[in-house]
Amino acid sequence: MPFLGQDWRSPGWSWIKTEDGWKRCEPWTEGLEGETHRCGASHGTILNSEDEEIFNNEEHEYASKKRKKDHFRNDKNTQCFYREKWIYVHKESTRERHGYCTLGEAFNRLDFFSAVQDARRFTYVARLLQLIAKSQLTSLSGVAQKNYFNVLDKIVQKVLDDHQNPRLIKDLLQDLSSTLCILIRGVGKSVLVGNINIWVCRLETILNWQQQLQNLQMTEQVDSGLTLSDLPVHMLSNILYRFSDGWDIVTLGQVTPTLSALSEDRRLWKKLCQYHFGEKQFCRHLILSEKGHIEWKLMYFALQKHYPTKEQYGDTLHFCRHCSILFWKDSGHPCTATDPDSCFTPVSPQHFIDLFKF
């Protein structure tokens, strides 16, 4: 039978048995229609009622898929929808799979649009978009670009509504605007998928988002119940010790005088430096006070400029080494291993980018 799909195990065409032998089922093609007229037979004489029902269902399904495709193509705010929330990562052609998996295809398939609504995945998705903006933006296809900016729009609107993680999104938009300025100025030197006017409009939208975040005002919540200031000092100290970002500690220290004093604790900054950096890095950027004590707070921000910090996320994508499938752990995937959990590896945003570098 003829080869019709990317999978060599494709079942091929549909066939029916007639008095003259087996005939290929193509009721919408001109070739079969002409052959039927030549034989003096109509579809009613060749097909029974069950076959006609099958053909009607196939035609209905084909028309339904076409309407959905046209709807997604015309609606600029709609992300391409896939039933499976996982993707097979392959870098070369095989007998079973033709071609290779791209970054844009993975971005379309892994449902980042709904992941933004999950508080555990929000930081992960924002960090991933930031890494794509720095180095991989031009590798996205047209559909992936549309989905990228739709997800970004969802993130910005969420921050403007609930006033959470504004600093993270400000950094993301700053990196994205810098990249777009370089691409637009150097048009012709790099390959841009899409019209240059589209990219200019996107840059204007990003600048508008930056202005909205700059003007963002935190509304004071009136609550007669227990507040952060009512907690004992040791509990406030434990909260500060749970933070992994120095800027969060500085920001929280600006709330009350008590938190300000706790945020200057040398042991707190020493533990934070030891968590993110190694002893060799300490020796290269050692900062001492006038009394000869190590300034751990100043060292943290100095080391942060030279070395990457450890990243923590509530939920991440996972990679199955047995099946070579990338997926959200809560969504799962059809794993064929006897012990699937032993094959799962968390994937950081940088590792996600590296998976699709060829």
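Run the numbers for Arg242 and Lys271: contour at 0.36 nm per residue of separation, minus the present Cα-Cα distance, in nm.
9.4 nm
Relative contact order of the range 256-358, please, whole-number percent, based on alpha carbon pairs below 8 angstrom and at least 6 residues apart.
Averaging sequence separation for qualifying contacts and normalising by length gives 19 percent for the range 256-358.
Leaving out ligands, DNA and RNA, what percent of the accessible area of the range 245-306 is carbon and sulfur, probe 1.4 Å?
Of the solvent-accessible surface of the range 245-306, carbon and sulfur hold 54 percent.
Please list, ordered by chain and number, the residues whose modelled amide H lies under 5 Å from the amide H of Leu317; skip anything fewer than 5 residues away on the same chain.
Val347
What's the extension gain from Lys310 to Thr205 if we count 0.36 nm per residue and subtract their Cα-Cα distance?
34.7 nm
Could you give each residue of the range 287-301 its phi-based ³J(HN,Hα) in whole Hz, using Karplus coefficients 6.51, -1.76, 1.60 with θ = phi - 60°, and x for Gly or Pro?
After applying 6.51 cos²θ - 1.76 cosθ + 1.60, I find 10, 10, 7, 5, 8, x, 8, 6, 8, 5, 5, 5, 5, 4, 6 Hz.
At R0 = 25 Å, how high is the FRET efficiency between Lys357 and Ile198 if r is their beta carbon distance? Nearest 0.05 is fine.
Plugging the Cβ-Cβ distance into 1/(1 + (r/R0)^6) gives 0.45.
List, in the order given, every pair from Lys134/Lys270; Lys154/Lys305; Lys134/Lys170; Lys158/Lys305; Lys170/Lys270 whose Cα-Cα distance in the structure shown is over 22 Å.
Those over the limit are Lys134/Lys270; Lys154/Lys305; Lys158/Lys305; Lys170/Lys270.
Which value, in debye to the nearest 20, gives the size of the charge dipole of the range 153-215 about its Cα centre, when Lys and Arg are +1 and Asp and Glu are -1 at the Cβ?
200
With the other protein chains left in place, how much accessible area per residue, in square angstrom, belongs to the range 245-306 at a 1.4 angstrom probe?
So the range 245-306 comes to 66 Å² accessible per residue, rounded to a whole number.
Per residue of the range 316-324, what does 6.51 cos²θ - 1.76 cosθ + 1.60 with θ = phi - 60° give for ³J(HN,Hα)? Whole Hz please, x for Gly and Pro, Karplus curve as stated.
9, 5, 10, 10, 8, 5, 6, 9, 6
Is the range 226-290 rounded, prolate or oblate when judged by the Cα gyration tensor, a ≥ b ≥ c being the square roots of its eigenvalues, rounded requiring a/c under 1.5 and prolate requiring a/b larger than b/c?
Taking the square roots of the gyration eigenvalues as a ≥ b ≥ c, the range 226-290 is prolate.
Spelling out what I want: for every residue of the range 335-340, take phi, set θ = phi - 60°, compute 6.51 cos²θ - 1.76 cosθ + 1.60 (Karplus), and round to whole Hz; glycine and proline get x.
Once rounded to whole Hz, the list reads 7, 9, 6, 6, 10, x.
Determine, from the Cβ-Cβ distance of Lys158 and Asp341 and an R0 of 30 Å, the FRET efficiency 1/(1 + (r/R0)^6), rounded to the nearest 0.05.
0.40
The values are calculated or read from the model by the stated rules, or taken from the named source; none is laboratory data. Quick caveat: nothing in here was measured; it's all calculated off a predicted structure. Virtual Cβ from ideal backbone geometry, glycine too; neighbours counted across all protein chains shown. Quick note on the areas: whole protein, heavy atoms, side chains included, nothing else; ligands and nucleic acids left out. Shrake-Rupley method; radii C 1.70, N 1.55, O 1.52, S 1.80 Å.
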